[in-house]
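Structure record follows, encoded as structure tokens.
The values are calculated or read from the model by the stated rules, or taken from the named source; none is laboratory data. None of these values were measured; they are calculated from a predicted model. Heads up, the Cβs are rebuilt from the backbone with ideal geometry, glycines too, and the neighbour counts pull from every protein chain shown.
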Amino acid sequence: MTAQRGRDLLIKIGDGAVPEIFTTVAGLRATTLTFNATTIDITNAESAEMWRELLAAGVKSATISGSGVFKDAASDLTLRSAFFAQTLTNYQIVIPHFGTITGPFKLTQLQYEGPYDGEVKLSLSLASAGALAFLAM
């Protein structure tokens, strides 16, 4: 994969309809997607030379954070509604020339910042809340 523009990594929120329509969230300028897999240590007295052993299964999770400016009033309303309702909402994360991750996330942090000499900024954090699907491009 060649170098890609960071602005092409998008976070989209679903509308809950069937079929679901996803809309880009705000005008994000910086976005981070992190995948994690916790380990389950099963080392015991019979482990070969006391080397740590790990169970093949573990708990997988993803977190997404972003910051930027609001695109329009509709995206602001959608994010605020998702946060205050604390609903699990389907999101899509588009990674340019790589693929799309889709699944349920919880909006865990929504922050507004208003410097006196600039535009209102926002930052958000999402935590995966179920199985995620990956579709390669």
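Scan region 42-54 residue by residue and report those that are at pLDDT 90 or above and surrounded by 10 or more Cβ atoms within 10 Å (Cβ to Cβ). Of everything in region 42-54, those that are at pLDDT 90 or above and surrounded by 10 or more Cβ atoms within 10 Å (Cβ to Cβ) turn out to be ILE42, THR43, SER47, GLU53, LEU54. Is at least one residue of region 116-124 within 20 Å of GLY14 (Cβ to Cβ), touching a strand residue (DSSP E or B) at 6+ places or on another chain (Cβ under 7 Å) and free of Cβ contacts under 8 Å to residues at least 40 places away in the same chain? No; the residues of region 116-124 include none that is within 20 Å of GLY14 (Cβ to Cβ), touching a strand residue (DSSP E or B) at 6+ places or on another chain (Cβ under 7 Å) and free of Cβ contacts under 8 Å to residues at least 40 places away in the same chain.
Of all the numbered requirements in (1) touching a residue at least 24 places away in the same chain (Cβ under 8 Å); (2) farther than 20 Å from LEU122 by Cα; (3) of a type in the set (A, V, I, L, M), ALA56 misses one, and that requirement is (1).
Is there a residue being among the aliphatic types (A, V, I, L, M), modelled with pLDDT under 90, exposed (fewer than 12 other Cβ atoms within 10 Å of the Cβ) and over 18 Å from LYS121 (Cβ atoms) anywhere in region 2-14? Yes, that holds for at least one residue. Count of region 100-114 residues, restricted to those that are within 26 Å of PHE134 (Cβ to Cβ) and either loosely packed, with under 14 Cβ neighbours inside 10 Å or β-branched (Val, Ile, Thr) (or both), is 5. Per the listing PHE35, PHE84, the residue uniquely exposed (fewer than 13 other Cβ atoms within 10 Å of the Cβ), within 17 Å of the chain's Cα centre (by Cα) and not aliphatic (A, V, I, L, M) is PHE35. For region 15-41, filtered to residues that are at pLDDT below 90, part of a strand (DSSP E or B) and of a type in the set (Gly, Ala, Ser), the residue that is nearest to GLY99 (Cα to Cα) is ALA30. Note on region 42-69: residues that are among the β-branched types (Val, Ile, Thr), outside any loop (DSSP other than H, G, I, E, B) and within 17 Å of the chain's Cα centre (by Cα) amount to 2. Residue count for region 62-106, restricted to those that are closer than 22 Å to THR38 by Cβ and in contact (Cβ under 8 Å) with a residue 24 or more places away in the chain: 11. Given the condition in a strand (DSSP E or B), closer than 18 Å to ILE13 by Cβ and of a type outside the set (D, E, K, R), answer yes or no: does some residue in region 70-77 qualify? For region 70-77, residues in a strand (DSSP E or B), closer than 18 Å to ILE13 by Cβ and of a type outside the set (D, E, K, R): absent.
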